[in-house]
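A short worksheet on the structure shown next.
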Amino acid sequence: MLEPSADEIGDWGNSVTQFMIDYLGGLRDRPAYRHTCSREIRSRLDSTLPIKGTDFDSLLKVLRETIVPFSRQNAHPRMFGYVQSPGTPIGAFADLLASTLNANLTIWRSAPAPVELERLTIDWIRQILGFPAEAGGLFVSGGSMANLAALGAARHTRDHSLGRLRMYASSATHFSIAKAAALLGIGRENVRHVAVDESFRMRVDDLVAKINADLTSDYIPFCVVANAGTVDTGAVDRLREIREIADRFQVWMHVDGSYGAFAILAESARRLFAGVEQADSIALDPHKWLYLPVDVGCVIYRDPEAARAAFAHEAEYTRMFGEEADEAFVCWNYGPELSRRFRALKVWMLLKGVGLDRLSEAIESNLACARHLESMVRASDDFEMVAPVELSIFCFRHVPVQLRNQSPKAIDAFNERLLVALQRDGSSYLSNAIVGGRFALRGCVLNYRTTLRDMEILLDDLRRVAKSLPNSV
Ligand SMILES: Cc1ncc(COP(=O)(O)O)c(C=O)c1O
């Protein structure tokens with residue numbers, strides 16, 4: 001098992017490929033989610049410390065009989081929860097190949113071709129976003145790490161011995177920003193929550209007011225974070241206006257595009273991202289709207305030297321001899337990680353294998369699905385939208401006739417119970433959000449398999465499940 005023969009590798013490969021064919025082929029017939037508990041799963045797993053090995057088929061059997069049925073099926077076309085990509089076969093094969101080669105992308109010398117491929121692929125993403133040619137970056141584990149890296153670079157631009165640093169982000173910003181501020185020693189309390197407008201975009205007047213107030217109190221404003229797709233409602237902040245304010249106060253502008261930035265590939269959404277190319281840094285996630293399997297985020301810096309100033313570290317055991325320029329490229333100088341898997345391979349195989357035309361079409365179709373849901377909800381008399389659909393996230397609630405005269409609290413409580421019941425039912429999966437202080441059913445279309453018909457099934461599922469709630473309506 002530790003070093004299988006060529007025949008064994010062939011057999012394992014065939015079984016794994018067959019598993020993939022069966023799994024993907026049967027997706028629509030599976031529940032998106034199966035209600036379970038820790039004890040039920042544990043009771044199916046052999047907990048004995050494995051002293052002797054087990055054959056490969058037995059391992060796959062556990063995958064088939066326990067892991068698969070007791071997982072949330074993220075590739076299911078009606079898995080609308082959170083910001084979850086479905087994965088894609090080309091990405092899965094790329095992950096297998098990356099692990100086979102087991103390249104470790106620390107510096108160019110350690111993995112010459114993989115690092116070149118990463119730099120090439122990062123440059124393609126730079127071009128997609130419209131950043132200048134000098135911009136550069138890295139693949140990291142995900143959006144949270146990309147935000148952390150970018151804020152680490154931003155913080156380094158200021159001398160914080162002179163006073164407390166302050167940064168600004170709308171109240172709809174993902175928690176990874178506050179978490180990064182805490183980890184970087186900026187402090188959660190120094191992330192100022194800027195108010196949002198009725199479309200959940202940052203209110204620029206409030207941003208200016210907060211910066212001015214901090215300046216008069218001897219704080220040092222150093223960074224504004226704009227959203228290119230908030231996690232709750234998908235709102236895209238007015239990037240050009242925020243750039244102007246960042247220039248006026250000479251602060252770093254970071255864009256969190258972890259969820260939304262790849263929607264720039266869709267014609268119908270492109271205008272929302274005007275100005276993104278002027279940011280100092282951006283976080284975006286190929287493992288979200290490029291449909292790739294988990295574990296690939298991306299950070300791009302407008303001026304990579306700013307990141308180098310924050311992250312570069314020289315140690316005798318990593319000293320390089322006789323190498324210059326490109327061949328001396330040190331990945332760890334641009335982010336927090338040292339050992340890094342070959343994430344670029346799956347991004348490269350997807351972009352090159354599928355092509356931007358097909359990806360743009362898939363993203364466009366996701367947007368169309370969310371808009372279809374919105375128009376069905378607006379045309380119905382038992383659902384209501386609680387936020388406009390900007391990208392592919394939709395927030396709404398179910399208000400059956402019998403509930404119409406009830407208090408907002410009662411309607412919220414009903415929708416909360418409905419959400420839990422829908423998840424347990426398994427035909428469709430939504431998550432939740434608090435929007436304007438009220439509970440909302442929240443979905444995000446992020447799967448190239450999802451169709452307009454799936455959006456109709458979602459509403460039918462909600463109506464069906466609502467009727468089965470005890471003493472509900
Ligand atoms: C807007 C936004 N930022 C950051 C993140 C964090 O990304 P990750 O889960 O890849 O760390 C998310 C995750 O959903 C997100 O939606």
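Quick rundown of the values:
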read-out: Long-range lysine pairs (8 or more apart or interchain), the chain, Cα under 30 Å; value: 9
read-out: Per-pair calculated FRET efficiency, R0 = 22 Å: Leu183 and Leu162 via Cβ, rounded to 0.05; value: 0.55
read-out: Calculated FRET value between Ala328 and Glu305, using beta carbons and R₀ = 22 Å, to 0.05; value: 0.90
read-out: Peptides ranked, highest mean first, by Cβ atoms within 10 Å: ranges 280-292, 189-201; value: 280-292, 189-201
read-out: Kirkwood hydrodynamic radius (C-alpha pairs) into Stokes-Einstein, the chain, 10 °C and 1.306 mPa s, D in µm²/s; value: 66 µm²/s
read-out: Contour minus Cα-Cα distance for Ala410 and Arg109 (0.36 nm per residue); value: 102.1 nm
read-out: Label-to-label distance, nm, for residues given as Phe19 and Glu116 (7 Å Cα→Cβ offset); value: 3.4 nm
read-out: Amide H partners (placed H, <5 Å) of Leu165, local residues excluded; value: Ile220
read-out: Gain upon complete extension [Ser468, Arg271; 0.36 nm per residue less C-alpha separation]; value: 66.6 nm
read-out: Column: log10 I(q)/I(0), Debye, Cα scatterers of segment 150-297, q = 0.11, 0.13 Å⁻¹; value: -0.38, -0.54
read-out: Long-range amide H partners of Phe383 with built H, under 5 Å; value: Val399
read-out: Alpha carbon centroid spacing (whole Å) that separates segment 107-179 from segment 60-80; value: 33 Å
read-out: Approximate spin-label separation Ala213-Asp381, in nm, with each point projected 7 Å along Cα-to-Cβ; value: 4.6 nm
read-out: Highest to lowest packing among 397-404, 32-39, scored as the average C-beta count within 10 Å; value: 397-404, 32-39
read-out: Per-residue HN-Hα couplings for segment 24-32 [Karplus 6.51, -1.76, 1.60; θ = phi - 60°; Hz; x = Gly/Pro]; value: 5, x, x, 3, 5, 8, 8, x, 5
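Read-outs throughout are calculated quantities, based only on the coordinates presented, and are distinct from any laboratory measurement. These numbers come from a predicted model, not from an experiment. Note that each Cβ is placed from the backbone with ideal geometry, even for glycine, and that neighbours are counted across all protein chains shown.
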